[in-house]
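Structure first, commentary second.
Only the coordinates and a few stated rules stand behind these numbers; no lab work does. Predicted model only: the values in this text are computed from it and were never measured. FYI the Cβ positions are ideal-geometry reconstructions off the backbone, even for glycines, and counts take in every protein chain you see.
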Amino acid sequence: MQIQVENYLIKPMYEIKADLWLKFHQENRYYIDHFSTTKLSDYYTLEVQQKFIIQSVIDFERDEGYAFGVLSANGKRILAKVKSIRDPNRNHNYLNLRIIIDHRYRTPEFGRLILRTLVDYFFHNRKIHILHMPILPNDTYMIQLVSEYGFIFEGRLHKLMHINGSWQDHLLYALINEDNDT
């Protein structure tokens, strides 16, 4: 599976080599360490990245989550990582979405392009009813991105995730799939 969007490719994590994931994480370590859950000491190793790839296959097969990489047109650089967790229960049918964009590509245009493509994929291909995006209060880039796209601020989640050594509050934004009300 692959989604072509302008000059970029979006591929499932399991279709991307572990060494590219390792390079992406190493080059974006500052952002990952400060805006993502606290990592174990071996996180930045090839072996751990391979484990994540295997888990991504399992999650896709069970329809419990989707991890993607956004790649340059030549497929040699990961520009963003998309990680989601889904509750496939028909009476819940929500997806928690997190996006980490390479610090060199954190522009409004690139962010809007990726977000628009992901929303379309999750709403139309996966038939998700509601997308939730928990965002750190100091991540102004992501807050602006989801607000401009039409996500609604739903409130503050107190001490939701362990990030950079402490439990951090998150702001919860949501977008409802109005075409999937059945």
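Taking a straight Cα-Cα cut-off under 19 Å and skipping sequence neighbours fewer than 8 places away in the same chain, the lysines within cross-link reach of residue 51 are 11, 17, 23, 39, 81, 83. Overall, the anisotropy analysis places the chain in the rounded class: the square-rooted eigenvalues a ≥ b ≥ c of its C-alpha gyration tensor yield a/c less than 1.5. Only one residue of 43, 80, 91 has its Cα farthest out toward the positive end of the dipole of the chain, where Lys and Arg carry +1 and Asp and Glu -1 on Cβ, and that residue is 43. Sequence-ordered 3J(HN,Hα) estimates for the stretch 90-102 from the Karplus curve with 6.51, -1.76 and 1.60 and θ = phi - 60° stand at 4, 7, 10, 6, 10, 9, 8, 10, 10, 10, 10, 9, 3 Hz, glycine and proline given as x. DSSP loop GluC sites (Glu not before Pro) in the stretch 110-182 with at most 12 other Cβ atoms within 10 Å of their Cβ, which ones? Loop-located and lightly packed - 178.
Listed from fewest to most Cβ neighbours within 10 Å, the set 167, 21 follows the order 167, 21. Taking amide H as placed 1.01 Å from N in the peptide plane, residue 136 has its amide H under 5 Å from the amide H of 171, each at least 5 places away in sequence or on another chain. 3J(HN,Hα) along the stretch 36-52, derived from phi through the Karplus expression 6.51 cos²θ - 1.76 cosθ + 1.60 where θ = phi - 60°, amounts to 10, 4, 4, 9, 6, 4, 8, 4, 8, 10, 4, 4, 5, 4, 5, 5, 5 Hz, with x in place of Gly and Pro. Taking a ≥ b ≥ c as the square roots of the eigenvalues of the alpha-carbon gyration tensor, the stretch 5-60 is classed oblate because a/c is 1.5 or more while a/b is no larger than b/c.
Neighbour counts of other C-beta atoms within 10 Å: give me 107, 38 arranged from fewest to most.
The most exposed by this proxy come first: 107, 38.
Just checking the listed ones, 156, 90, 98: in the Gaussian network model of the chain with Cα springs under 10 Å, the one fluctuating most is 90. Per-residue Cβ neighbour counts within 10 Å put 54, 130 in the sequence 54, 130, beginning with the fewest. Between residue 107 and residue 73, residue separation times 0.36 nm minus the direct Cα-Cα distance comes to 10.5 nm. Spacing of the modelled spin labels on residue 45 and residue 23, each 7 Å from Cα toward Cβ, amounts to 2.2 nm.
Under the convention that each Lys and Arg Cβ holds +1 and each Asp and Glu Cβ holds -1, the size of the dipole of the chain around its Cα centre is about 380 debye.
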